[in-house]
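FYI, it's all coordinate maths here, none of it is from the lab. Remember, it's a predicted structure, so these values are computed and weren't measured experimentally. Here the Cβ is made from the backbone with ideal geometry for all residues, glycine too, and neighbour counts use every protein chain on show.
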Amino acid sequence: MPSRTRPPLRRRSTQAGREGGRRRPKRRGIGRVSGQPRSPLEHSYGWYRRKPWHWRLILGPGALVSGLAGVGLAGVLLYYGYQARGYDLGDLGRMPERSIVYDAKGRELGSVHGANRIVVPLGEVSDHFVQALLAREDKSFYRHHGVDFYGLARAAVRNLRDGRFTQGASTITMQLARNSYPLHDKTGKSIDRKLTEIMLARRIEDHCTKDRILELYVNRIFFGSGLYGIERASQVYFGKPARELDLSESALLAGIIRSPNRFSPLWNLPGALSERDTVLQRMVLMGNINEVAAEEARRDPIEIVRADGSWSQENYAMDAVRRDLDLVLEEHDIDDGGLRIFTTLDAEIQKGAEAAVERRILEVERTRGYAHQTRAQYEASLGPEEEKAPAYLQGAVVAIDNHTGGLLAIVGGRDYAQSKYNRALHSRRQLGSVFKPFVYAAAYESAQLLPQVLVNDDRIASGELGEGHGNWSPDNADSSYGGYQPASSGLIRSRNTMSARVGARAGVETVVEQARVLGLSETAPLSQVSFLGTFETTVKGVTSAYSTFPSGGIRNRPFLIRRIETRSGEAVYESGPLGYRVMAAGAAALTDDSLREVMKSGTGAGARRLGWTGDCGGKTGTTNDFRDAWFVGYTDHVTCGVWVGLDQPDRIIESGYGSRLALPIWVDVLQAAAGHGYEAGPLPTGPPRRFERVCRLSGGFATRACEDHDSGMDVAIPEDLAGARSPCIVHSGAPPGWLGPGSFSTARPREAPEPGRSLLSRLRGLFR
């Protein structure tokens, strides 16, 4: 049986194909028919198939991983690019900085609110500092586009080796992004924050020029000690503007940037100098300076002046400014700062007032037998870190411009650092006799009283002051009583009995309403005790009230801030004089006459002995048991109020009258004002006056009966108080009870005229 074997395969010759035999077309690449062009994928696939099998095992997954990594990187860039676009680049230039406060003459008083920073253009910064900064922080700043990739790679290797983030390789642009936006709050983790920072830095580079980036950065840098920006750091550390920094100073400031609190030259000068030397060496390596210049800078002595300004000036006047700003500004304006605040304060008067309070109270503390804690004893009792409220004698001063109501000086105590309680604005103390002028003014205006009208200075009998006044009977301070005296004498000599009777004539309601309108008190008791100032008010309040006397009965609202401007000069707040009438001009003028006499022959006469020679008016005040000493007085331009006392009311010193404790301070303050543009001129005379015939007991128009009792007199009366005077009712047969029984017991009635008296005799009696 023949074997069934498979015949051997024969290859078809190429020639046979050429001769017309059918053959399968040769494929080239993947699924490509001969004659078609190859795609890039076909090229790569063919290359891959020609490789040995072990290479194909390696390259296949590698290509896949590379592709996936590329896609992942693109996704990361897209995500963090989107994150970076969520930040407003307009915020780069919005930097909280100090608002500068100026006095009435444009002199800088201090700064408040915002960060302790002053923004300056790059042209106002020393070239030495710019070069030192670049050498220290970013030597390739002008070559990269926000990110130094070589530095990032170097930092990544270092971080992997250390197993933690020890280097960040941040460029100046990246630091600007980090300092300008709350990246930590929004991104949380370090890697997220860094990637957002990188993409934001790229956006900043597209948005700003290199010089603008550098300008923003030097103004945002934190230099330790609460200082932000190169200008403020230069001012506080070296006492000069940033444009005047030399090479050594510039290198020092650039050196402390990375750890400003640790290397602050205020308490670690050796560490700051070491950082300076490091920066100088970097500048040599970069070619910015040569070794000779670096060595000279190292030898250059550094003098840290610690100029005042590392924090806003802390005193009572600036405290008042801050409080008023809180009332007139929005919260975002306060936080951002950068405002120019023009006040009514006068820097020289403020300094003079502060010095006067300390000097005069120190004299009191040195008085033999002084029983209270002195300031020296308080300071000696403090431990190294101890803080406690002082118990030593305090003083307060307020000075006001009569013409505007602007506050010229505010002193709320002896030392703001030891006690921040502003006694000039917030402490309410009993007024005592300094309220008496307003009682007399009320009576002059409403009850026909005149300074020449007689008022009894004897003890007040039970029920004498009329219904509702009970048995109140105040004593005079010197326990003496003088019978009938002109009303002005009661104010000039500060007689309690006379002042009480004058108040009764005006009426309790009238006097208390007068206090309310003057801004002295909303809570003055509706009682006769108010006549002697038994209620409480502030130094600012009573000083403003006294300014109505030289202003003709007009009270100008006291204010402190005149104008607030933005950096560009746009006004955001303006204020000015706001006056309103609180008493008749004639009543103010008549009271002013007596207050001038107080300074000549009354309780304020000591001012002349202390060296004051100008025209002035004023009044002392002393409360029971010498717990409060007051003096409030004025010139034609300035009204000044002074209080002296203990925070916990107690007897200050035996015979601690206002003329002894407060008047000397007043004289010193007014002399300081006179030496700086507020010289005392003649006080205004008030409205024109005309003579009228009045009764010396009632102040009413004199009748025939008054003449018969020898009580008529001619008085020059201000026009606004003249003409509407009622006839005297004391000598017209009306009962005298309207002033209380016995008020006129010493008035000697004249004998009745004899019948048949001649006409000439009668006329003589009318003009007697």
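Structure notes:
- Charges were assigned to the Cβ only: +1 to each Lys and Arg, -1 to each Asp and Glu. The resulting dipole of segment 280-356 about its Cα centre is roughly 400 debye.
- Per-peptide packing, taken as the mean over residues of other Cβ atoms within 10 Å, places 90-101, 329-340, 110-121 in the sequence 110-121, 90-101, 329-340 from highest down.
- Charge tally in the Cβ shell below 14 Å around LEU646, where Lys, Arg are +1 and Asp, Glu are -1, LEU646 excluded: +1
- Ellipsoid semi-axes in whole angstrom, largest first, where each is sqrt(5λ) of the Cα gyration tensor of segment 274-406: 45, 27, 16
- Assigned charges on the beta-carbon of Lys, Arg, Asp, Glu; segment 442-578 dipole about Cα centre (debye): 420
- Peptides ranked, highest mean first, by Cβ atoms within 10 Å: ranges 686-694, 288-296, 217-225: 217-225, 686-694, 288-296
- Each of ALA571 and GLU108 was given a label point 7 Å from its Cα along the Cα-to-Cβ line. The distance between the two points is 2.5 nm.
- Stokes-Einstein diffusion coefficient of segment 402-508, Kirkwood radius over Cα pairs, 37 °C, 0.692 mPa s, in µm²/s: 204
- q = 0.11, 0.12, 0.15 Å⁻¹, segment 632-736: log10 I(q)/I(0) [Debye, one scatterer per Cα]: -0.67, -0.72, -0.77
- Hydrodynamic analysis of segment 211-254 uses the Kirkwood radius over alpha carbon pairs. Inserted into Stokes-Einstein at 20 °C and 1.002 mPa s, it gives a translational diffusion coefficient of 204 µm²/s.
- Computed from point charges on the beta carbon alone (+1 for Lys and Arg, -1 for Asp and Glu), the dipole magnitude for segment 320-432 about its Cα centre is near 840 Debye.
- Electrostatic bookkeeping for GLY552 treats Lys and Arg as +1 and Asp and Glu as -1; over the other residues with beta carbon under 14 Å from its beta carbon, the sum is -3.
- Neighbourhood net charge (15 Å Cβ-Cβ; Lys/Arg +1, Asp/Glu -1) for PRO577: +3
- Rounded FRET efficiency, nearest 0.05, which uses the C-beta distance separating ARG651 from VAL517 and R0 of 30 Å: 0.35
- Coarse-grained scattering of segment 426-580 at q = 0.09, 0.12, 0.13, 0.19 Å⁻¹, given as base-10 log I(q)/I(0) from a Debye sum over alpha-carbon atoms: -0.35, -0.55, -0.62, -1.16
- With a Förster radius of 30 Å applied to the beta-carbon distance between LEU269 and GLN418, the computed FRET efficiency rounds to 0.55.
- Sequence-ordered 3J(HN,Hα) estimates for segment 482-492 from the Karplus curve with 6.51, -1.76 and 1.60 and θ = phi - 60° stand at x, x, 6, 9, x, 4, 4, 5, x, 7, 5 Hz, glycine and proline given as x.
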